[in-house]
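> Dropping the structure in here first, questions after.
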Amino acid sequence: MEIPKQYSPLSVENKWYADWLAKGFFKSSPDQREAFTIVIPPPNVTGVLHMGHMLNNTIQDVLIRRARMQGKNACWVPGTDHASIATEAKVVGKLREQGIEKSSLTREEFMKHAWEWKEKHGGIILEQLKKLGASCDWDRTKFTMDADMSEAVIDVFIDLHKKGLIYRGVRMVNWDPKAQTAVSDEEVIYKENPSKLYYIKYLLKDGDGEITVATTRPETILGDTAVCVNPDDERYKHLIGKSVIVPIAGRVVPIIADEYVDASFGTGALKITPAHDINDYNIGQKHQLEAIDVIAPDGNMSAAAGFYIGEERFIVRKKIIKDIDAAGLLVKIEEIINKVGYSERTDAVIEPKLSMQWFVKMEQMAKPALEAVTSGKVKLHPAKFVNTYKHWMENVKDWCISRQLWWGQQIPAWYDNKGDVVVAKSESEAIQQFQLKGKAYKSGELKQDEDVLDTWFSSWLWPISVFDPKAISLPKEQWNKDLSYYYPTNDLVTAPEILFFWVARMIMAGIEYCDEVPFTNVYLTGIVRDKLGRKMSKSLGNSPDPIGLIEKYGADGVRVGMLLTSPAGNDLPFDESLCEQGRNFNNKIWNAFRLIEGWEVSNTEQPQASAEASLWFEQRFNEVYAEIEDGFQKYRISEALMNLYKLVWDDFCAIYLEAVKPPYQQSIDAVTKQQTVYFLEELLKLMHPFVPFISEEIWHYLKERKNEEYLIVTQMPEMAAANQVILADFNHIKEIVAQVRNFRNEKGISPKEAFTLFCKKGNNKGLLPFSAVLQKIANISEVVFVEEKPVGSYSIIIKSEEYFLPFGENINIQDEIEKLNKELAYTKGFLISVDNKLGNERFMANAKPEVIAIETKKKNDALQRIAAIEEQLKSFTVQ
């Protein structure tokens, strides 16, 4: 086959991906091999590929391809999440464009539209992942609202309710007025915003004075049912038990006392609005205060407010302050910075709101899930996240699992006309349960709960339900083959921000329903940020199109670029130049391959330099292979790639190929060609998990391969211990080469000009291992051992060995002496200034120890430099 001069990623990638799919290399089914399993963190069905997905899925693919080449039965399960809030918002928006309001539809009609949208737009991201090279078993693709997956979710709800771990009650929840649903504490993002603190007078009912409170939310004044002070606050003791008049509302409310109030904060007096603040709610419960909900689900003022009904809450904030001021009750306004909670999904300001919701009791399930991580059954990489996990789990709150939406698994709770409720899988089962309570109902007389379950309530079952959704209600011996074989999975790759949302809850569910943790290792990626350190997002316009990057640099180039600077748990400072670096790496590999394939073989003996280079590279390969494996074991995948990158670029291309390549237009011996192709094949095996496309392409150019010989299923190289003596000897040669090249650069000597290298006899016993390689890559004409330093030569010292380089006729000795004398004078002057500083008693008495250490090091460095310069000047002795 003719080898193209330029590597063309797009055509190569499309060709090999289609071929891998056609030959079933991604498929997995239970057999006798060791399983290696990863379940994909299911992206939202609404989603398209972004840079975070690119990083996360590249890492997963690297792990799964490596396992496949280790002979394991590698199974990577793909799928998508139904994403209740995000998807419903998309569908509602689409319907609105068509002039249809959700409120005009029945639940069944809306769900029909939602499923149509999902079938048309859902799953785009999975197709995009194929462009990246994701080697998932696509036949196993799951969706969290597949019928069997949804049934598992319902079964878990019913089971936990029977165990007393799910309950229904009125609680203060985080209300998203835009999505018009409750969201969990973890779905609230707090941002610091400029705000105002309003000081407002509440007049005493008896007309004998006033009390001033401070609030950032004057619109909630209409829901006040008390003013609270600390019982030990001398300023207000005489007012406890009296009543005040709520501004604007005119409601008479009591002044109560509670130790919760911090007398030193603000005015020391709090307005209590039980329906709109969690702390006020707790005080209200304690003192049996009425809760008046003045803000409707859509964020507008409710009828219960009595004023500004139907107006938006933030507009009312401005209006009510004007009215309070007009009534002479506004004392002052302070500018402050205030933390405000926003919905992670819609970015709407969260409204604390009393609401009847369903909750999961978390304390009982959290304990074994905490122990799983602290004991090391589940390992977090990097380990710094263990403390974060521990903090969350030790302070866990009950999980609000009901969402006021239609898209999702509808809660299996059934109500009669009196509000009594039973939990059952179907209406007929609910009727039976009511019969046990002495209530007889017919079909159609009960009403199912309108709410759906939190999306995380389905995805916490993901590592179980993707294999056997029915296993939730079965003993282990009745699990199907898939779950029995693949569970627990091996690695999970995800983001730290969902460590509690998802990872912790999966551990809970795994222990609860499988009596075993769902995975062994959790690799936590960092956040992809731009050059300014900002998180990449559509709103900032700082996130490149991943597909555009793949089209420009090739999937392999983007994969390398993403991984080069992405240590686990640390943010990735992404710059497009990283992808360019990845592309350049692929081009380097391609050009090295073309060079090797271009060599014609002749019946000649192997040169000494080639034999030495092969001896060294085999050991260097073994050494770096061990470093790469160590990186994988420690989940330092970025380091593993960098070690491989340097092995290919610095060792194979820059040293080995330079040492063995024949002179221009000359042939190569058969032994060296064979060894070189072998080394390239071994490198391709290590490279494949990182750059699967170009490695497979070159693999097939090297020789014709059968199906079982494809690189994707070829075994990784056998590991062998590296010979440290050979490596040490060659490292010595590399240092000589570096010094020789520096000498050429400094003296302006052409790399093409060969000269003699003199070696001083000593510990080397007149031997210099790998001298043939040295002569070839440093262009040394000969290596000569001498007893003394040759006159007119330049000295270099490497460890205990000394070498000499002739200056040559083109060096102006007088210029060199003049240059060295100037440097000597400058260095001596610098030494005097440092000595003066160290001899100054005041400086020595006041300077920090680390500053004195720096100055002392400067002195020692200057002394060493002076000695070196004087030694060089001696070398210019007149012959």
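The values are calculated or read from the model by the stated rules, or taken from the named source; none is laboratory data. Treat the numbers as computed from the prediction; the structure is a model and nothing was measured. Note that each Cβ is placed from the backbone with ideal geometry, even for glycine, and that neighbours are counted across all protein chains shown. Remember, those area values only see protein heavy atoms, side chains included, never the ligands or the DNA or RNA. Shrake-Rupley method; radii C 1.70, N 1.55, O 1.52, S 1.80 Å.
> Using the Cα centre of region 362-433 as origin and beta-carbon charges of +1 (Lys, Arg) and -1 (Asp, Glu), tell me which of Gly419, Pro368, Gln404 is placed farthest towards the positive end of the dipole.
Value computed over the given set: Pro368.
> Which three semi-axes in whole Å describe the equivalent ellipsoid of region 635-772, each the square root of 5 times a Cα gyration tensor eigenvalue, listed largest first?
34, 19, 16
> Hey, another quick one. Per residue, how much space in cubic angstrom lies within the convex hull of the C-alpha atoms of region 1-107?
On the way: hull volume 22.0 nm³, N = 107.
Dividing the Cα hull volume of region 1-107 by its residues yields 206 Å³.
> Follow-up. Which loop GluC sites (Glu not before Pro) in region 765-840, with loop taken from DSSP, have no more than 15 other Cβ atoms within 10 angstrom of their Cβ? Before the final figure, lay out each step's value.
Working: sites: Glu782, Glu787, Glu788, Glu801, Glu802, Glu809, Glu816, Glu818, Glu823; in loops: Glu787, Glu788, Glu809.
Hits after loop and neighbour filter: Glu787, Glu788, Glu809.
> I've got another one for you. Return the distance in nm (one decimal) between the two label points of a simple spin-label model at Ser577 and Arg741, each offset 7 Å from Cα along Cα→Cβ.
The answer from the label model is 2.1 nm.
> Please state the equivalent ellipsoid semi-axes for region 149-306: what are the square roots of 5 times the Cα gyration tensor eigenvalues, largest first, in whole Å? Provide the component values of the computation, followed by the final result.
Working: eigenvalues 250, 65, 47 Å².
Working through the eigenvalues yields semi-axes of 35, 18, 15 Å.
> On to the next question. Can you list the residues of region 546-589 with backbone N under 11 Å from a point 7 Å past the Cα of Val48, pointing along Cα to Cβ?
Within reach of a label on Val48, which here means backbone N under 11 Å from a point 7 Å along Cα→Cβ, region 546-589 contributes 546-548.
> Set Lys and Arg Cβ to +1 and Asp and Glu Cβ to -1, take the dipole of the chain about its Cα centre, and tell me which of Pro751, Tyr441, Gly839 lies farthest positive.
Gly839
> Counting chymotrypsin sites (Phe, Trp or Tyr not before Pro) as exposed when in a DSSP loop with at most 14 other beta carbons within 10 Å, what is the longest stretch of the chain free of them?
After excluding every exposed loop site, the longest remaining stretch is 266-663.
> Can you work out the base-10 log of I(q)/I(0) for region 714-837 at q = 0.18, 0.19 1/Å, using the Debye formula on its C-alpha atoms alone?
Evaluating at q = 0.18, 0.19 Å⁻¹ gives log10 I(q)/I(0) of -1.01, -1.08.
> Also, quick follow-up: Need the C-alpha centroid separation for region 273-325 versus region 15-93, integer Å.
The two parts, judged by their Cα centres, are 47 Å apart.
> Ok, one more. Considering only DSSP beta bridges where both residues belong to the chain, give the percentage that are antiparallel (nearest 5).
70 percent
> Loop only per DSSP, at most 13 neighbouring Cβ atoms within 10 Å: give me the trypsin sites (Lys or Arg not before Pro) in region 610-644, ordered by residue number.
Of the trypsin sites (Lys or Arg not before Pro), the ones in loops of region 610-644 whose Cβ has at most 13 other Cβ atoms within 10 Å are Lys634.
> Further, regarding this structure: Under 18 Å from the 7 Å Cα→Cβ point of Asp206, by amide nitrogen: which residues of region 222-254?
227-229, 234-246, 252-254
> Using a Förster radius of 51 Å, what is the FRET efficiency between Gln70 and Glu497 based on their Cβ-Cβ separation? Nearest 0.05, please.
Computed FRET efficiency for Gln70 and Glu497 comes out at 0.95.
> Right, next: Provide the per residue accessible area, probe 1.4 Å, for region 633-756, rounded to a whole number of square angstrom.
46 Å²
> Can you compute log10 of I(q)/I(0) for region 1-63 with the Debye formula, treating each Cα as one identical point scatterer, at q = 0.20, 0.24, 0.29 Å⁻¹?
Result of the Debye calculation: -1.11, -1.20, -1.22.
> Also, quick follow-up: Given R₀ = 41 Å, what would the calculated FRET efficiency be for Glu600 paired with Ser11, taking r from the Cβ atoms and rounding to 0.05?
0.90
> Roughly how big is region 346-465's charge dipole about its Cα centre, with Cβ charges of +1 (Lys, Arg) and -1 (Asp, Glu), in debye to the nearest 20?
440 debye
> Can I ask one more? Spin-label point model (7 Å from Cα, Cβ direction): what's the Glu788 to Phe830 distance in nm?
In this crude spin-label approximation the distance works out to 3.3 nm.
> Peptides 38-48, 287-297: what's the order by average Cβ count within 10 Å, highest mean first? Intermediate results must be reported in sequence, preceding the final value.
On the way: 38-48: 22.9, 287-297: 18.2.
By packing density, highest mean first, the sequence is 38-48, 287-297.
> Follow-up question, since we're still on this one. Would you mind calculating the gained length between Ser800 and Ala670 on full extension (0.36 nm times residue separation, minus the Cα-Cα distance), in nm to one decimal?
In short, 42.9 nm is gained.
> Sticking with this structure for a sec: For region 468-523, state the semi-axes of the equivalent ellipsoid (square roots of 5 times the eigenvalues of the alpha-carbon gyration tensor), sorted largest first and rounded to whole angstrom.
One finds semi-axes of 22, 12, 8 Å for region 468-523.
> Counting only protein heavy atoms and a 1.4 Å probe, tell me what percentage of the chain's accessible area is made up of carbon and sulfur.
Carbon and sulfur together cover 50 percent of it.
> Which angle between 0 and 90 degrees, to the nearest 10, do you get for helix 427-436 versus the longest principal axis of the chain when only C-alpha atoms count?
Once rounded, one gets 50 degrees.
> Average projected area of the Cα convex hull of region 663-730, in nm²?
6.9 nm²
> Calculate the dipole size of region 620-755 relative to its Cα centre from +1 charges on Lys and Arg beta carbons and -1 charges on Asp and Glu beta carbons; express the result in debye to the nearest 20.
Magnitude of the dipole: close to 420 debye.
> Ok, one more. Considering the values (i) 32.5; (ii) 31.6; (iii) 33.5, which represents Kirkwood radius over Cα pairs in Å as calculated for the structure under consideration?
(iii)
> In whole Å, what are the extents of region 303-450 along the principal axes defined by its C-alpha atoms, from largest to smallest?
Principal extents (Cα only, largest first): 62, 54, 26 Å.
> Could I ask something else about it? As a test of reading the structure, rank Lys588, Lys819 by solvent-accessible area (1.4 Å probe, protein chains only), most first.
Result, largest first: Lys819, Lys588.
> Explain nothing, just the number: relative contact order of the chain, from Cα pairs under 8 Å at least 6 residues apart, as a whole percent.
12 percent
> Calculated FRET efficiency, Ser104 and Trp649, Cβ-Cβ r, R0 41 Å, to nearest 0.05?
Values: r = 64 Å, r/R0 = 1.55.
It comes out at approximately 0.05.
> About the Cα centre of the chain, how large is the charge dipole given +1 on each Lys and Arg Cβ and -1 on each Asp and Glu Cβ? Please answer in debye to the nearest 20.
Values: 106 positive and 124 negative charges, 148 e Å.
Charge dipole, the chain, about its Cα centre: 720 debye, nearest 20.
> A further question on this structure: If you keep only loop residues by DSSP, which trypsin sites (Lys or Arg not before Pro) in region 289-384 have at most 14 other Cβ atoms within 10 Å of their Cβ?
On the way: sites: Arg313, Arg317, Lys318, Lys319, Lys322, Lys332, Lys339, Arg345, Lys353, Lys361, Lys377, Lys379, Lys384; in loops: Arg345, Lys361, Lys377, Lys384.
Answer in residue order: Lys384.
> May I ask which residue of Leu768, Ser184, Ala214 lies farthest towards the positive end of the charge dipole of the chain, with charges of +1 (Lys, Arg) and -1 (Asp, Glu) on Cβ and the Cα centre as origin?
The one lying farthest along the dipole's positive direction is Ala214.
> Extension gain Tyr678-Lys120, at 0.36 nm per residue separation less the Cα-Cα distance, in nm? Present the calculation step by step, with values, prior to reporting the outcome.
On the way: separation 558, 0.36 × 558 = 200.88 nm, distance 4.87 nm.
Gain on stretching Tyr678 to Lys120: 196.0 nm.
> 7 Å from Cα along Cα→Cβ at both Ser264 and Glu627: what's the point-to-point distance in nm?
If labels sit at Ser264 and Glu627, their model points lie 5.6 nm apart.
> If you project the alpha carbons of region 363-510 onto their three principal axes, what span does each projection cover, largest first, in Å?
Answer, in whole Å and largest first: 57, 37, 27 Å.
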